[in-house]
1. Answer yes if at least one residue in region B:39-58 is more than 7 Å from every other protein chain (Cβ to nearest Cβ), surrounded by fewer than 16 Cβ atoms within 10 Å (Cβ to Cβ), closer than 19 Å to residue A:10 by Cβ and touching a residue at least 24 places away in the same chain (Cβ under 8 Å), and no otherwise.
2. Could you name every one of the strands (runs of 3 or more DSSP E) located completely within region A:28-103 that has at least 1 residues being under 24 Å from residue B:40 (Cα atoms) and modelled with pLDDT of 95 or more?
3. Applying the selection to region B:4-25, what residues are in contact with a strand residue (DSSP E or B) (Cβ under 7 Å, 6 or more places away or on another chain), within 16 Å of residue B:92 (Cβ to Cβ) and more than 7 Å from chain A (Cβ to nearest Cβ)?
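The values are calculated or read from the model by the stated rules, or taken from the named source; none is laboratory data. Since the structure is predicted, the reported quantities are computational estimates derived from the model, not experimental observations. Note: ideal-geometry Cβ built from the backbone for every residue, glycine included; neighbour counts use all protein chains shown.
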């Protein structure tokens, strides 16, 4: 699926790391909140509060979860899970488009 | 209204000017297409094909339409119209959040 249907979209974007990460918040009919975003070429460290699943929808990235030594590559159609109260480093050489699922 | 309801959202973002402008495409129930985006601090020149109305939803910008000598400031809740096959310069000192209406 290349698009979400029947959703609400918050007009104001979420801008992180001086704009290296920009997302818009989606509210689904069942009350679920997701963010739809893009990470521009950079290496960033994100922290989580709730558990997250990051689903790639375009581009590629390399990810190292907190406590791991290996980086792992993820592309479109692939996902990685991050526990609550944790962090991950993400390295992108090109724009990486994602959906972030919470909880 | 701080959000769009009952819309479709294209998952892949539109990334322009090395990420200084990032938007997501919205498809409304009536078939209308809009883009919801943010311009990061920069001065950019956009060209239009269809006429556009840029509606600010957060932050401020200064705009100079093609052929004009004056810059004009626009903030949240304010809009400016750009004719088809034209251009405008936009200068943002902070993130400027917008909805672009076409046609």
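1. The answer is no; no qualifying residue exists.
2. Of the strands (runs of 3 or more DSSP E) lying wholly inside region A:28-103, those with at least 1 residues that are under 24 Å from residue B:40 (Cα atoms) and modelled with pLDDT of 95 or more span A:33-39, A:42-47, A:52-58, A:61-65, A:87-92, A:96-102.
3. Hits for region B:4-25 are B:17, B:20, B:21, B:23.
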